[in-house]
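The values are calculated or read from the model by the stated rules, or taken from the named source; none is laboratory data. Nothing here was measured: the structure is a model prediction, and the numbers come from that model. Neighbour counts run over all protein chains shown; Cβ positions are idealised from the backbone, glycine included. Quick note on the areas: whole protein, heavy atoms, side chains included, nothing else; ligands and nucleic acids left out. Shrake-Rupley method; radii C 1.70, N 1.55, O 1.52, S 1.80 Å.
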Amino acid sequence: MDALARPIVPPVPKVHARPVNPLQLIWGMSTNPLTVWSEQDFEILVQKNQVLGRENWLVNDPAWVRHVMHEAMPRYRRPLASARPVRPVTGDGVLLAEGGEWRRQRKMLAPVFTPAHVGLMLPHFQAAAEGLVRRLQGAATANLSAAFHAATIDAVLRALFSLSDGADRADIARLARGYIERAGRPNIFDGYARSHEDFGFALASRRRFQRRWTAAVDGVVAARRSAARAGPHRDLLDLLLAARDEDGRPLPDAEVRDQAATLLFAGFETTSRLLFWAAWLLSLDTLEQDRLRAEVRAFPPERVTRLEDLEHWPRLRLVLLETLRLYPPVVFLLREAVEPDEIDGQAVSPGALVWMSPWVIHRHRKFWDQPDAFMPDRFAGQPSPWTGAQPYFPFGLGPRICIGASFGLAEAQIVLASLLSRFEIGLSSSRPVLPVGAVTTRPDHEPLFRLARA
Ligand code: HEM
């Protein structure tokens, strides 16, 4: 690939000339769901299909995506097929909760994610970024995918759990990464199961993971509970430990753990993917990388004390927004109809699956100019394009939109700014890196990046 030709068009999994057959679909869904798309999927707005005897919808039209995710939200739920691989990680925390239980949990967690509160977390992001830079110092090459995982887990443990350096975080990151790459991959049994326990024979490795993950999260909660004696921290754990139900009782330990596990996982996995893909794109587009370096040098990361200070890096924000378009960490927003509905004048039956894919919508031929090209300027003047009319849904949308969007973006800005202010990054090999849609969008292999002092 010619790294100098601009705009950069990074490589993507093959798009089929014609729709795939059911066998290819099953195989693709359990290996890499980004390989099942055909040309027409990037052209159509709404399509209703029968797939293996089940009503399936592909909804690309932003207006109908809004309908499903917002106006008609009570008529849909997250289907078991997508919840099954996630539940060993999050338990019954807010990500998988439904109905009134979801509303209660979301309301309880909201104060941790207000802009004012995210502003208080900036020093934690800076400390995590400094740790990353320190670990990379002196290295000629680095696996930035692993390095970003470690840094983002560090940021979450600091910001949400007030825990500073500890050896256990590398283990937590390894555990979560291993799960996503192996046992956590959706499989054919998830598609046919009628409960979380069905096809128990296929769940052994997920159960093994769940035991280790639960122990790791219990360790974090225990460490934080003992630290709590030193005084209030105003973090997630304080909030969960102080929460009371209608009868004035504290949250059961199991809920504290599930909520902590949900935010720990949702909080680092997505942001580290965003950082990885941004680093990959900037290694291909070195001119853009140089522009960002000039921008962060003019306002170094250590000068950031308020959320508004991040406005000193408008170009960096554009690059992150464009990275989220090309590599949305969550590739499917999947819903199952629980009541009859209507989409685009056609009846939706209860039990139908509705697929809304940021991957497809963000590269849709009718919505974007040069959809596969890396062109950060397309977001100029739109600091939060996911809130407007754009077909842009990296954080989902509607009432269940990502609770941690500003947390993740602020963290990514600080980590990337810190990295670029110290290093020029490039790739050690010309082997293309292809995205794989797993629980989040991961690279098909973890390339080594070359690092040079900037
Ligand atoms: C670049 C970073 C991130 C991306 C791209 C992202 C993406 C998403 C998406 C697409 C959803 C909606 C899923 C659906 O409706 O099916 C979501 C939900 C969620 N995210 Fe994020 N996320 C990011 C960062 C974070 C962070 C930093 C946290 C917490 C610290 C977090 C916590 C959550 C939670 C708890 C939910 C469930 C919300 C609910 O159902 O009410 N996310 N995220």
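Can you find a residue that is closer than 28 Å to LEU52 by Cβ, away from the ligand (no atom under 16 Å from the Cβ) and either at pLDDT 95 or above or part of a helix (DSSP H, G or I) (or both) anywhere in the range 324-339?
yes
Here are VAL354, VAL360: which of them is in contact with a strand residue (DSSP E or B) (Cβ under 8 Å, 6 or more places away or on another chain) and not in a helix (DSSP H, G or I)? Steps first, answer last, please.
On the way: VAL360 fails: not in a helix (DSSP H, G or I).
Among VAL354, VAL360, only VAL354 is in contact with a strand residue (DSSP E or B) (Cβ under 8 Å, 6 or more places away or on another chain) and not in a helix (DSSP H, G or I).
What are the residue pairs meeting all of these: first residue in the range 202-220, first residue in contact (Cβ under 8 Å) with a residue 40 or more places away in the chain and β-branched (Val, Ile, Thr), second residue assigned to a helix (DSSP H, G or I) and crowded, with 19+ Cβ neighbours inside 10 Å, Cβ atoms under 6 Å, and 6 or more apart or on different chains?
Short answer, once both residue conditions are applied: VAL217/ARG257; VAL217/ALA260; VAL217/ALA261; VAL220/PHE161.
Pairs, please: C-beta under 8 Å, at least 6 apart or cross-chain, first residue away from the ligand (no atom under 13 Å from the Cβ) and in the range 76-93, second acidic (Asp, Glu) and at pLDDT 95 or above?
What qualifies is LEU80/GLU336.
Could you give me the residue pairs with C-beta distances under 6 Å whose first residue belongs to the range 389-404 and is more than 7 Å from the ligand (Cβ to nearest atom), whose second residue is aliphatic (A, V, I, L, M) and open to solvent by less than 20 Å² (accessible area, probe 1.4 Å) wherever it lies, and which are 6+ apart or on separate chains?
Here the result reads PRO391/ILE361; LEU397/MET69; GLY398/MET69, each pair linking the range 389-404 to a residue that is aliphatic (A, V, I, L, M) and open to solvent by less than 20 Å² (accessible area, probe 1.4 Å).
Output yes when any residue across the range 235-246 is out of contact with any Gly (no Cβ under 7 Å at 6 or more places or on another chain), open to solvent by 50 Å² or more (accessible area, probe 1.4 Å), small (Gly, Ala, Ser) and free of Cβ contacts under 8 Å to residues at least 40 places away in the same chain, and no when none is.
yes
Can you tell me which residue in the range 420-454 is farthest from ILE180 (Cα to Cα), limited to those that are crowded, with 16+ Cβ neighbours inside 10 Å and of a type in the set (Ser, Thr, Tyr)?
Filtering first and then ranking leaves SER421.
Working carefully through the options LEU416, LEU427, LEU420, find the one that is in contact with a helix residue (DSSP H, G or I) (Cβ under 7 Å, 6 or more places away or on another chain), of a type outside the set (Gly, Ala, Ser) and within 13 Å of the ligand (Cβ to nearest atom).
Within the list LEU416, LEU427, LEU420, the selection yields LEU416.
Could you tell me whether the range 375-385 includes any residue that is within 16 Å of the ligand (Cβ to nearest atom), under 30 Å from LEU122 (Cβ atoms) and open to solvent by 10 Å² or more (accessible area, probe 1.4 Å)?
yes
Of the conditions (1) among the charged types (D, E, K, R); (2) over 20 Å from ASP372 (Cα atoms); (3) outside any strand (DSSP E or B), LYS48 fails just one. Which one is it?
Unmet condition: (3).
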